[in-house]
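One structure is given here, and the rest of the page talks about it.
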Amino acid sequence: MLDPTFLRQAYQAAALVTQMAFIAILGTVAGAALDARLGTEPFGLLTLSAGGLALGLAQMFRGLRSLQGDDDHHSNDAA
């Protein structure tokens, strides 16, 4: 049987990857919409895509750090 802690961490890691992808896609869509409205192609797309990717990665690394902290906390409880 799988360890419930492992399943919880796997779920959280999958959620982090999904969040990162969603934020990056949202930035790309917003940049394309901004370019279409203002006629500033490709600057809005490039800027907001890069910004979305950076924010998504930052969020993912923050979440991974908290997962790592949870893992350290649980391993200290077992000792």
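Just so you know, all these numbers are worked out from the coordinates, no wet-lab data involved. Source: prediction; values computed, not measured. So basically every Cβ, Gly included, is an ideal-geometry build from the backbone, and we count neighbours across all protein chains shown.
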Given the candidates 47, 60, 4, the one whose Cα lies deepest towards the positive end of the charge dipole of the chain, counting +1 at each Lys or Arg C-beta and -1 at each Asp or Glu C-beta, is 47
Could you work out [θ]222 nm for the chain from helices alone, using -39500 (n - 2.57) per DSSP H run of at least four and dividing by all its residues? Round to the nearest 500 deg cm²/dmol. -33000 deg cm²/dmol
Per 0.36 nm of contour for each residue apart, how much would the distance between residue 67 and residue 11 grow if the chain were fully extended, relative to their Cα-Cα spacing? 19.1 nm
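Rounded, prolate or oblate for the chain? Axes are the square roots of the Cα gyration tensor eigenvalues, ordered a ≥ b ≥ c, and the cut-off for rounded is a/c under 1.5. Could the numbers behind the result be given before it?
Numbers: a/c = 7.50, a/b = 3.30, b/c = 2.28.
It is prolate, given that a/c is not under 1.5 and a/b is the larger ratio.
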Based on the mean of other beta carbon atoms within 10 Å per residue, what is the order of 36-48, 20-32, most packed first? 20-32, 36-48
